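Worksheet: one structure, shown below.
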Amino acid sequence: MAENKKFDPQALVEEIESKFELFQILNEEGEIVNEAEMPELSNEELVELMTRMVYTRVLDQRSISLNRQGRLGFYAPTAGQEASQIASHFALEKQDWILPGYRDVPQIIWHGLPLAKAFLFSRGHFAGNQAPEGVNVLSPQIIIGAQYIQAAGVALGLKKRKADAVAVTYTGDGGSSQGDFYEGITFAGAQKSPAIFFIQNNQFAISTPRSVQSVGKTLAQKGIAAGIPSVYVDGMDPLAVYKVTKDARERAVAGEGPTLIETLCYRYGPHTMAGDDPTRYRTTDTDNEWVAKDPLVRFRKFLEAKGLWDEAKEEAVIERAKEEIKEAIKEADKAPKQKVSELINNMHRGDLPYNLKEQLEIYLEKESK
């Protein structure tokens with residue numbers, strides 16, 4: 001007869017948590033520590049990945065400067081998250097759909113959204129929400145976590161169409177505390193829809209430390225409740241992020257359902273440029289600890305050791321980025337100024353309620369003068 005054992009729910013939690021080990025391929029010195037998991041990337045692809053990461057860092061620096069000059073509106077800095085953002089996108093295909101959060105503009109730019117439109121989005125211009133034909137992106141979601149539900153719906157649509165594509169979405173560690181987060185992964189898991197859900201754990205949901213949000217060892221383990229594969233990856237390691245994303249995509253298009261991926265990373269700047277001061281809730285020691293893990297430094301060391309990267313190549317990328325950003329902001333400046341009448345007509349199709357009809361008439365008259 002089997003021995004009776006006292007049921008210990010806490011031990012069960014600890015057993016599950018012990019399974020989530022941080023997946024890594026490159027250490028902080030740019031050395032391969034997991035040869036068996038090295039992704040199949042050509043030298044040209046490795047250089048292109050680095051090129052996109054450097055370009056994105058420059059874009060972040062210039063966007064912060066443009067914001068301070070009053071030439072951009074809402075902006076959420078991305079420095080420190082290049083491996084999480086760009087390496088995950090690098091594993092996708094053109095036909096895949098991206099449903100970004102407000103910090104995930106770099107991914108949709110590399111997916112085909114023109115830079116000028118990204119700047120117009122920041123300014124709140126409706127043209128910034130109009131992606132060109134064939135560019136499978138939705139506008140960055142401002143409501144925290146809402147993109148998870150949308151991604152579950154898009155993924156189900158792709159499944160019903162038998163499309164060779166996945167729906168990919170991103171949120172932060174704070175977003176994983178939202179109800180929409182659970183609804184999205186639960187629905188996608190139940191439907192076995194081709195979705196990849198990212199939690200970019202950059203340690204602070206605005207000013208709230210991740211440790212205050214959840215007592216769980218990881219955020220990735222939340223996917224277990226939805227019955228979907230879940231991964232805890234070094235989000236400062238571009239090769240590791242690429243590999244887990246590539247694997248998740250292959251499973252999804254093979255009909256095996258969604259994956260939840262937590263990328264452990266850090267944002268070097270403020271939460272947004274709208275008055276956040278990270279020095280009020282982060283210490284210099286914490287900042288320095290993560291600066292030592294910088295994804296660009298790590299990947300640069302790896303490529304330099306292979307003879308694939310040098311200072312001249314990096315400077316060429318930086319100058320190209322500066323020039324293209326300069327031209328894109330000029331193009332954005334040429335966009336016609338928005339009118340209140342356009343706002344009303346864009347937001348409301350068909351018959352307007354009487355109060356908006358009155359307002360529309362008022363503004364049409366003002367704008368005609």
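Values quoted throughout were computed directly from the atomic coordinates according to the rules given, and no laboratory measurement underlies them. Since the model is a prediction, treat every value here as computed from it, not as a measurement. All Cβ positions, glycine included, derive from the backbone under ideal geometry; neighbour counts span all protein chains shown.
Name the residue farthest towards the positive end of the dipole of segment 14-335 from the options 241, 144, 51, assuming +1 on Cβ of Lys and Arg, -1 on Cβ of Asp and Glu, about the Cα centre. So the residue furthest toward the plus end is 144.
For segment 106-118, backbone phi angles converted through the Karplus equation (6.51, -1.76, 1.60; θ = phi - 60°) give residue-by-residue couplings of x, 4, 6, 5, 5, 7, x, 6, x, 4, 4, 5, 5 Hz, Gly and Pro being listed as x. Cα-Cα over 21 Å: which of 94/337; 94/334; 94/326; 94/160; 293/326? Exceeds cut-off: 94/337; 94/334; 94/326; 293/326.
Per residue of the chain, what 222 nm ellipticity follows from adding -39500 (n - 2.57) for every DSSP H run with n ≥ 4, rounded to the nearest 500?
-13500 deg cm²/dmol
For the chain, averaging the sequence separation of C-alpha pairs within contact (under 8 Å, six or more residues apart) and dividing by the residue count gives a relative contact order of 22 percent. Helix 43-68 axis versus longest C-alpha principal axis of the chain: approximately 50°, rounded to the nearest ten.
In a reduced charge model with +1 at each Lys and Arg Cβ and -1 at each Asp and Glu Cβ, segment 320-366 shows a dipole moment near 220 debye about its Cα centre. Listing 154, 253, 13 from fewest to most neighbouring C-beta atoms within 10 Å gives 13, 253, 154. Amide H contacts for residue 98 (H built 1.01 Å from N in the peptide plane; partners 5 or more residues away or on another chain; cut-off under 5 Å): 137, 138, 168. For residue 172, the residues whose amide H sits under 5 Å from its own are 200, ignoring neighbours fewer than 5 places away on the same chain, with H placed 1.01 Å from N. Each label point was placed 7 Å from the Cα along the Cα-to-Cβ direction; for residue 93 and residue 162 their separation is 1.5 nm. Between residue 361 and residue 13, residue separation times 0.36 nm minus the direct Cα-Cα distance comes to 119.1 nm. Backbone geometry of segment 7-22 corresponds, through the Karplus equation with coefficients 6.51, -1.76 and 1.60 at θ = phi - 60°, to 3J(HN,Hα) couplings of 5, 10, x, 5, 5, 5, 4, 5, 5, 5, 4, 5, 6, 8, 9, 5 Hz, x marking Gly and Pro. Residues within the reach of a label modelled at residue 344 (point 7 angstrom out along Cα to beta-carbon, backbone nitrogen below 19 Å), restricted to segment 94-130, are 126.
Among 144, 261, sorting on how many other beta-carbon atoms sit within 10 Å of each Cβ, with the fewest leading, yields 144, 261. Overall, the chain carries a charge dipole of about 1280 debye about its Cα centre when +1 sits on the Cβ of Lys and Arg and -1 on the Cβ of Asp and Glu, all other atoms neutral.
Taking only the C-alpha atoms of the chain, the Rg (one decimal) and the largest Cα-Cα distance, Dmax (whole number), read 22.1, 92 Å. A simple rule links phi to the HN-Hα coupling: the Karplus curve 6.51 cos²θ - 1.76 cosθ + 1.60 with θ = phi - 60°, which for segment 72-80 gives 10, x, 4, 8, 10, x, 10, 4, x Hz, with x for Gly and Pro. Averaging Cα coordinates gives a centre for segment 58-111 and one for segment 10-47; these two points are 24 Å apart. Residue exposure proxy: 337, 117, ordered by other Cβ atoms within 10 angstrom of their Cβ from fewest to most, comes out as 337, 117. Need one word for segment 141-255: rounded, prolate or oblate. Basis is the Cα gyration tensor (sqrt eigenvalues a ≥ b ≥ c); a/c below 1.5 gives rounded, then a/b vs b/c decides. It comes out prolate by the Cα gyration axes. Against the chain, whose longest principal axis is taken from its Cα atoms, helix 146-160 shows a tilt of about 80°. Here the Gaussian network model covers the chain, with springs between Cα atoms less than 10 Å apart; of 352, 308, 120, 352 fluctuates the most. If R0 is 30 Å, the Cβ-Cβ spacing of residue 352 and residue 143 corresponds to a FRET efficiency of close to 0.75.
In this structure the amide hydrogen of residue 79, modeled in the peptide plane, comes within under 5 Å of the amide hydrogens of 268, 269, none closer than 5 places in sequence on its chain.
Computed over the chain with a Gaussian network model linking Cα atoms closer than 10 Å, the most mobile of 140, 336, 353 is 353.
In terms of the Cα gyration tensor, with a ≥ b ≥ c the square roots of its eigenvalues, is segment 98-208 rounded because a/c is under 1.5, prolate because a/b exceeds b/c, or oblate? It is oblate, given that a/c is not under 1.5 and a/b is not larger than b/c. The chymotrypsin sites (Phe, Trp or Tyr not before Pro) of segment 1-98 that meet both conditions, a loop assignment by DSSP and at most 11 other Cβ atoms within 10 Å of the site Cβ, are 7. Under a 10 Å cutoff between Cα atoms, tell me which one of 296, 356, 99 has the largest fluctuation in the Gaussian network model of the chain. Between 296, 356, 99, it is 356 that shows the largest mean-square fluctuation.
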